[in-house]
Amino acid sequence: MTQRQAILTGVILIVLSFQVLVLAILVFFPYLPDPGLSNLNNDTYFLLSPLSTLFLLELLYTWLVRLVAREATRYPSTARSIVHFFSEPFQKVLASLRTRSFSESAQTFNILSRPRLLLIISLAASILLAVDPYRPDLNPNGTLVGVDSPTYVTWISQMLARPVPQALQYSFVEGLDGSRPLLLVLLYTVASLGVSPSQIIEYLPMLLAPLLALSTYAFVRFGQGNASLAGLTALFTPFTFYIPVGLWGGYYANMAALVFAYLFLTLLLLFSKSPSATKYSAMFALSVALFLTHPWSWVLIATAGLVFAISLWRETHLTIHLKSIAGILIAGVALDVLKSTLFATRSVAADLATKLPTSADASSFWVNLVDGLLYTHSGLLASWIILGVGLFAGFALRFKDRFERLVLIWVATASVPFLLLDSYNQTRIVYDLPIPVLLATALLFFLPVLGAKEIRWPGVIIVLILVLCANYALQGILLL
């Protein structure tokens, strides 16, 4: 081991030791004495949180930079020289990324040798994070957490006070103009068995959180095919925005929609490789479920699916991909028109129109970005470590691989409305990004290329990032 490797490895181990101590203090809070380490960690997080604004922009628009750089090489020598000047320091790394597979990268790390164990740990961590806000020692009165939680209780109670036909009608009218009837009907069904609405909302995150981990695992395992990458993705899932922000806002419909979204896109990838009626039927059903759970998420995922289908058509010249996604889009639009007509509610298109900016002032974009990340949701989205690591995936993902292409398209699709929306709705776009997938792919792509040259054990960096993300998630949960 060279002197440089020894120094960097030592620094990383010191930081990891500190973060593990902080994690232990947070896990056993308030029973383990804290000499101020958790406060120091929290202060560091907030000190560096402004970096998240730049990291998020890079994450969202790296695809655009890559596109412009590729097009520039087709033009006069000046443009090619500029691109070459900025990319030359990274040529060796980029060349390695183009030829490296996830399977090769996963073999570098012993920590990824048991993906099913990683999935089990992820499921356990998901449940524990969802349970934590309701621990009797932290929340003796059992007060519901989440901004929207009391509203869900009201909706369920209103449905219970009505006959079944009227209760079903209520689900299509109330709940933000009847935008999430499927979730309300499911919660109403459980409540009809004698479970109180408050208990349902308390335990709902304990179901949705592990389902999110399972869905991200399925997306990578069956959509991409690499079990190690799937295990790492699942392990990151509870430690990203999904649970802390979801619990903070009570965004249960959005959390359920993400489960449907990952499963829908999994089937989309499988269908793109071997079309069948069974896969299409399941994909169609998941699209309807997604639409009836969270229409905003449906619009984003359906649009990404459309762009993906167009790319497949250009690649294969087969129309089956366009026809399949067209049927799903037409069904969604027809369902929206039917629902808004029958129940006199606002359509998704009309709702989206209300979110468009009323001012053409370009400076408001930066104000919205800062407000959304640093102040909305108590600053939980301003995680510089999550966004900072995730943005590297934008440079590594390859368009020729269908799984990686779909992830790129997902991010690129989200980046377009992000430019137009206000700060609150920008945060909902960020929440719907495939952050766990980006984190896992960035680490598996870059660490084997860079890690061995700089530190003795590259796998330690994966552990460090996981612990940092776990501290972020647990600190956010405790602040609820």
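The values are calculated or read from the model by the stated rules, or taken from the named source; none is laboratory data. Please read these numbers as outputs of a predicted model, since none were measured by experiment. All Cβ positions, glycine included, derive from the backbone under ideal geometry; neighbour counts span all protein chains shown. Note: areas computed on protein heavy atoms with side chains; ligands, DNA, RNA excluded. Shrake-Rupley method; radii C 1.70, N 1.55, O 1.52, S 1.80 Å.
Descriptive notes on the structure:
- Any hit, region 369-389, residues being under 30 Å from Glu315 (Cα atoms), surrounded by 22 or more Cβ atoms within 10 Å (Cβ to Cβ) and not acidic (Asp, Glu): no
- Meets criteria (modelled with pLDDT of 95 or more and either surrounded by 19 or more Cβ atoms within 10 Å (Cβ to Cβ) or assigned to a helix (DSSP H, G or I) (or both)) for Val460: no
- Selection of region 390-426 for residues being among the β-branched types (Val, Ile, Thr), surrounded by fewer than 24 Cβ atoms within 10 Å (Cβ to Cβ), closer than 26 Å to Tyr375 by Cα and touching a residue at least 60 places away in the same chain (Cβ under 8 Å) yields only Thr413.
- Matching entry among Leu128, Leu54 (being within 27 Å of Arg398 (Cβ to Cβ), in a helix (DSSP H, G or I), open to solvent by 50 Å² or more (accessible area, probe 1.4 Å) and at pLDDT 95 or above): Leu54
- Test: residue in region 155-175 that is assigned to a helix (DSSP H, G or I), closer than 28 Å to Leu380 by Cα and at pLDDT 95 or above: yes
- Restricting attention to region 194-213, the residues that are outside any helix (DSSP H, G or I) and open to solvent by less than 10 Å² (accessible area, probe 1.4 Å) total 0.
- For Ala191: the one exception among (1) surrounded by fewer than 24 Cβ atoms within 10 Å (Cβ to Cβ); (2) in contact with a Pro (Cβ under 8 Å, 6 or more places away or on another chain); (3) under 26 Å from Asn425 (Cβ atoms): (3)
- Cross-chain or 6+ apart pairs with Cβ under 8 Å, region 247-268 first and under 15 Å from Pro133 (Cβ atoms), then open to solvent by less than 10 Å² (accessible area, probe 1.4 Å) and polar (S, T, N, Q): Gly250/Ser149
- Ile330 of a type in the set (Val, Ile, Thr), assigned to a helix (DSSP H, G or I) and open to solvent by 50 Å² or more (accessible area, probe 1.4 Å): yes
- Residue, farthest from the chain's Cα centre (by Cα), within region 21-36, restricted to residues that are under 17 Å from Arg135 (Cβ atoms) and open to solvent by 100 Å² or more (accessible area, probe 1.4 Å): Tyr31
- Condition met for Ala230 (aliphatic (A, V, I, L, M), crowded, with 24+ Cβ neighbours inside 10 Å and in a helix (DSSP H, G or I)): yes
- Contacts under 8 angstrom Cβ, first residue in region 1-26 being in contact (Cβ under 8 Å) with a residue 60 or more places away in the chain, partner of a type in the set (Phe, Trp, Tyr) and open to solvent by 30 Å² or more (accessible area, probe 1.4 Å), 6 or more apart: Thr9/Trp457
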